[in-house]
Amino acid sequence: MYSIVAVCTGNICRSPMAELALRRAFEAAGLGGRVRVDSAGVSDEELGNPVDPRAGDLLRREGMDASAHAAQVFDPVRFEDRDLVLALDVPHWRRLRELAPDGPSAAKVRLLREFDPAAAGAEHTELGIYDPWYGGAEDFETTYGMIAAAVPGVVRAVAEELGTAPGETGAGRDRAQDAGRA
């Protein structure tokens with residue numbers, strides 16, 4: 001089982017949106033049984049809290065249910081059983097690399113937007129997804145759009161790593177791309 005964790009600050013906005021969008025895309029690509037996705041935060045300030053209501057509303061409109069979500073903190077022991085650690089912003093990327101116990105673990109940490117073709121060529125410092133928590137519903141829409149744009153690239157990369165060429169997932173791949181854009 002290929003395992004991914006999406007990580008933001010408190011695990012109530014960005015990372016749960018990424019988790020659910022990725023799960024849906026892997027299911028649509030026919031890889032749901034081969035890929036596990038969860039999420040966490042680098043801070044414990046939201047520990048146990050549900051998803052932010054604005055994120056929850058957006059996810060419901062997109063056909064995803066975050067009602068069972070409870071914020072958790074990224075435990076460095078997760079490096080042992082995670083294949084990909086997706087940071088949602090540059091400070092998360094830095095913190096996760098600091099927490100990594102060794103070089104191979106640090107190499108698992110990537111910024112989610114590295115997988116967005118529209119962000120190709122951008123400076124590493126420009127690949128963060130800003131925190132919508134301080135804004136309104138429109139900020140959550142913008143943030144989700146940035147997440148969704150990267151989802152198909154993650155699905156393609158993982159499919160390739162699993163030895164499933166993107167073309168082999170056929171209609172599932174197209175559904176995964178649509179799920180990421182939804």
For the ranges 111-118, 55-62, 147-154, 130-137, what's the packing order if you count other beta-carbon atoms within 10 Å of each residue, average per peptide, and put the highest first? 147-154, 111-118, 55-62, 130-137
HN-Hα couplings for region 90-105 via Karplus (6.51, -1.76, 1.60; θ = phi - 60°), in whole Hz with x for Gly/Pro, come out as 4, x, 5, 4, 4, 5, 5, 5, 5, 6, 4, x, 7, x, x, 5
With a Förster radius of 30 Å, plug the Cβ-Cβ distance of GLU160 and GLU126 into 1/(1 + (r/R0)^6) and report the FRET value to the nearest 0.05. 0.75
Pairwise label distance in nanometres, SER43 with ASP75, each label 7 Å out on the Cα-Cβ vector: 2.2
Amide H within-cut-off set for ALA87, under 5 Å, with H built and near neighbours excluded: VAL7, ARG110, LEU111, LEU112
Using the crude model of +1 on Lys and Arg Cβ and -1 on Asp and Glu Cβ, and no other charge, please compute the dipole size for region 2-181 relative to its Cα centre, in debye to 20. 380
Per Stokes-Einstein, at 20 °C and 1.002 mPa s, what whole-number D in µm² s⁻¹ belongs to region 1-141, with the Kirkwood radius over Cα pairs as the hydrodynamic radius? 141
Hz values of 3J(HN,Hα) by residue in region 8-23 - Karplus curve (6.51, -1.76, 1.60), Gly and Pro given as x: 10, 6, x, 6, 10, 10, 5, 5, x, 5, 5, 4, 5, 5, 5, 4
Helix-only [θ]222 nm of the chain, DSSP H runs n ≥ 4, -39500 (n - 2.57) each, per residue, nearest 500: -13000 deg cm²/dmol
Taking H placed 1.01 Å from N in the peptide plane, check which residues at least 5 places from SER3 or on another chain put their amide H under 5 Å from its amide H. ARG36, ASP83, LEU84
How many angstrom separate the Cα center of region 112-161 from the Cα center of region 51-78? 17
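Readers should treat all values here as calculations from the given coordinates under stated rules, not as data from a laboratory. This structure is a prediction, so every number in the text was calculated from the model and none was measured. Ideal geometry is used to build each Cβ from the backbone, glycine not excepted, and the neighbour counts take in all protein chains shown.
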